[in-house]
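Asks: Please find one structure pasted underneath; my questions will follow.
The values are calculated or read from the model by the stated rules, or taken from the named source; none is laboratory data. The shown structure was predicted, so the numbers you read here are calculated from the model rather than taken from an experiment. Glycine gets a Cβ as well: all are built from the backbone with ideal geometry, and neighbour counts include every protein chain shown. Only protein heavy atoms, including side chains, enter the accessible area calculation; ligands, DNA and RNA are left aside. Shrake-Rupley method; radii C 1.70, N 1.55, O 1.52, S 1.80 Å.
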Amino acid sequence: MKELKTVDIKGKSYVMVNERIAYFREIYPEGSIITELLSSVDGVHTLKATAVNNGNILATGHASEKDGSSFINKTSALENAETSAVGRCLG
């Protein structure tokens, strides 16, 4: 198995989501990562990500983010939730 590049976040090794996606594409070139907006109520966005290969669900991940709750969420809470859901799915 290939060693994935990590970064240090608060003293812990973390594989960035773009690295996880690249690895998924390498292992499952015909696979898909499907994201779904489950809800968006009062500025809280909840998403689900599903990794699929040949019609088989390999994994799912969920994430929620609130508008304005952090620097990135001031402008990109929905996108941040989607990226987090994908990262959890591929984790």
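Asks: Over the chain, with every protein chain in place, what whole percent of the accessible area is carbon and sulfur at 1.4 Å, could you tell me? Can you show the working numbers first?
Replies: On the way: 3140 of 6130 Å².
The C+S portion of the solvent-accessible surface of the chain is 51 percent.
Asks: Can you tell which of 53, 6, 89 lies farthest toward the positive end of the dipole of the chain, using +1 and -1 charges on the Cβ of basic and acidic side chains (Lys, Arg; Asp, Glu)?
Replies: 6
Asks: What are the ³J(HN,Hα) values, in whole Hz, obtained from phi via the Karplus relation 6.51 cos²θ - 1.76 cosθ + 1.60 with θ = phi - 60°, for each residue of segment 61-73 in sequence order, with x given for Gly and Pro?
Replies: x, 10, 7, 10, 9, 10, 3, x, 6, 8, 4, 5, 6
Asks: Largest first, how would 20, 25, 88 line up by accessible area (1.4 Å probe)?
Replies: In descending accessible area the options line up as 88, 25, 20.
Asks: Same structure again: Heavy-atom accessible area per residue, segment 7-87, 1.4 Å probe: how many Å²? Walk me through the intermediate numbers first.
Replies: Values: 5140 Å² over 81 residues.
Accessible area per residue: 63 Å².
Asks: Modelled label-to-label distance, residue 13 and residue 54, 7 Å Cα→beta-carbon offset: nm?
Replies: 3.1
Asks: Still on this structure, I have one more. Within the chain, report the GluC sites (Glu not before Pro) that DSSP leaves as loop and that have at most 15 other Cβ atoms within 10 Å.
Replies: On the way: sites: 3, 19, 26, 30, 36, 65, 79, 82; in loops: 3, 30.
The qualifying sites are 3, 30.
Asks: Sticking with this one: Sum -39500 (n - 2.57) across every DSSP H segment of at least 4 residues in the chain, then divide by the residue count to get the 222 nm mean residue ellipticity, nearest 500.
Replies: Details: 2 runs with 29 residues, N = 91.
That calculation yields -10500 deg cm²/dmol at 222 nm.
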